[in-house]
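The values are calculated or read from the model by the stated rules, or taken from the named source; none is laboratory data. These figures come from a predicted structure and were not determined experimentally. Don't worry about glycine lacking a Cβ; one is built from the backbone with ideal geometry, like all the others, and counts go over all protein chains shown.
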């Protein structure tokens, strides 16, 4: 390595703390953007180029750089999204909040001709603007450039394949392999676009479900995870739970009610109307059951599972399904526990006091 490159390496060593600071600031901003979008991201990562890696770069093309500040990827960050349209959303945030060096930034996704292979990412060369961070003792923090790579998870997979094979362009690769790689790159682009379209279709479906639920046309909706979640968000068992809470003036603690969906499907409910009719038909019985269950007990808190569980218990007992089914419901909702059998027996006894259990139908309990 010549003297010029050694001088650049020495500059790198002297500014290592500054590079680390720039990396931390950039990563902090990128993580903040993820939170603002409220979306799930595959990864946000950053690094300062290792000295060995920089040595290799300088040995190959050190003649291109006058100082360490001419090397724009000493600090590198990367955001990997699940969907390719999210790349452009993050790009807008980068453009708004960082100082972008447009002459050196490049959208590698648009570099290839139609007959070329490759599936690349969006690369921004940026600076930290003073509005984000300023330290008068280290003004170079706002002067040194760093790289931000934005790519989808499938673009990231393609980059990993390129790295593994050692081929980065169609100029390097033997012609007999070019067609295969071009086909694979095309498939990845199609899959990436198809995932976006599918995600958008699912989002549209969920919006329609919420609109239908608000209209009260439950018969139009299949009972599934989406419609059940929307039903809960639209009130679900809220009225019953509030009524039950008045028995002992109890506070209501929120818990997940997802496990009950499996129970309702086992009851044979196929549409949201089946579920809603069930709630309306058995709410009075469920409240009476809860009065017998909680009266005289010193309770301050109940959970949102109290109402739907009472509905299930009175339904099972009124249909002569028996104590064993109640235990299975408890297993579904709370997980298998030794106490579930005892709880099922106690709930069955309460049902007997209401006349819901016929003699001989309570597994021998007296």
Of residues in segment 328-356 being part of a helix (DSSP H, G or I) and surrounded by 20 or more Cβ atoms within 10 Å (Cβ to Cβ), the one nearest to the chain's Cα centre (by Cα): 333
Unmet criterion (only one of (1) closer than 16 Å to residue 283 by Cβ; (2) at pLDDT below 90) for residue 242: (2)
- prompt: Residue check, residue 192 against (1) within 24 Å of residue 154 (Cα to Cα); (2) exposed (fewer than 12 other Cβ atoms within 10 Å of the Cβ); (3) touching a helix residue (DSSP H, G or I) at 6+ places or on another chain (Cβ under 8 Å), all met but one. Which one?
  reply: (2)
- line: Screening 61, 52, 89, 15 for residues that are at pLDDT below 95 and under 30 Å from residue 197 (Cα atoms) leaves only 89
